[in-house]
């Protein structure tokens, strides 16, 4: 019998993040299970409807994983519920494909501009006891309008995508 552990639903963080001011502007600092991360307050992303299963999580910051160089995987840290963080990545960088027609449909439905929209997949790390593997949620990607600093999770209508695409 194997045990499955999901990292995506809760990186351990401080309940009260530290606020610091630097030359780059005001930053929030969080202690996560991956190490300390800092988010610039002027670069936070609002998710007015939250994420599926996490409706209370409406403000996030994106950052690289601490002490990891050159990784395509980012940490999407929730600011208003700091105990929540997700591993995310651009599916194209991982060699996964979301068809242009499907991503275009999502941008049209959400009124997000194609040139300013970044598409990310939430990743889940599974522990099989003696090995680990990652899956990507291709069915419900995260869309981020970088010009307005807003985001939404969108369910694609194409039935070919799964919420647990093995990487």
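Among (1) at pLDDT 95 or above; (2) more than 15 Å from residue 82 (Cα to Cα), there is one condition residue 50 misses while meeting the rest; what is its number?
So the condition that residue 50 fails would be (2).
Of the residues that make up the range 33-47, is at least one at pLDDT below 85 and part of a strand (DSSP E or B)?
No, that holds for no residue.
Looking at this structure, is residue 119 free of Cβ contacts under 8 Å to residues at least 40 places away in the same chain, in contact with a strand residue (DSSP E or B) (Cβ under 7 Å, 6 or more places away or on another chain) and on the phi < 0 side of the Ramachandran plot?
Numbers: free of Cβ contacts under 8 Å to residues at least 40 places away in the same chain: yes; in contact with a strand residue (DSSP E or B) (Cβ under 7 Å, 6 or more places away or on another chain): yes; on the phi < 0 side of the Ramachandran plot: yes.
Yes; evaluated as a whole, the condition is true for this residue.
Among the numbered conditions (1) buried (at least 19 other Cβ atoms within 10 Å of the Cβ); (2) part of a loop (DSSP other than H, G, I, E, B); (3) modelled with pLDDT of 90 or more, tell me where residue 11 comes up short.
(3)
Mind listing whichever residues of the range 147-164 are crowded, with 17+ Cβ neighbours inside 10 Å and either in contact with a strand residue (DSSP E or B) (Cβ under 8 Å, 6 or more places away or on another chain) or assigned to a strand (DSSP E or B) (or both)?
Within the range 147-164, the first condition is being crowded, with 17+ Cβ neighbours inside 10 Å, and the residues that meet it are 151-154, 156, 161.
Matches in the range 147-164: 151, 152, 153, 154.
If a residue must be assigned to a loop (DSSP other than H, G, I, E, B), modelled with pLDDT under 95 and within 24 Å of residue 156 (Cβ to Cβ), how many such residues does the range 54-87 contain?
3
Among the residues of the range 91-124, how many are part of a loop (DSSP other than H, G, I, E, B) and surrounded by 16 or more Cβ atoms within 10 Å (Cβ to Cβ)?
First, the residues of the range 91-124 that are part of a loop (DSSP other than H, G, I, E, B): 91-99, 111-113.
Still in the running and surrounded by 16 or more Cβ atoms within 10 Å (Cβ to Cβ): 91, 94, 98, 112.
So the answer is 4.
For the range 125-146, enumerate the residues that are at pLDDT below 95, in a strand (DSSP E or B) and either surrounded by fewer than 12 Cβ atoms within 10 Å (Cβ to Cβ) or touching a strand residue (DSSP E or B) at 6+ places or on another chain (Cβ under 6 Å) (or both).
Matches in the range 125-146: 125, 126, 132, 133, 134.
Determine, yes or no, whether residue 86 is crowded, with 19+ Cβ neighbours inside 10 Å and touching a helix residue (DSSP H, G or I) at 6+ places or on another chain (Cβ under 9 Å).
No; evaluated as a whole, the condition is false for this residue.
The values are calculated or read from the model by the stated rules, or taken from the named source; none is laboratory data. Every value quoted in this text rests on a predicted model; they were computed, and no experiment measured them. Please note: Cβ atoms are built from the backbone with ideal geometry, for glycine as well, and neighbour counts cover all protein chains shown.
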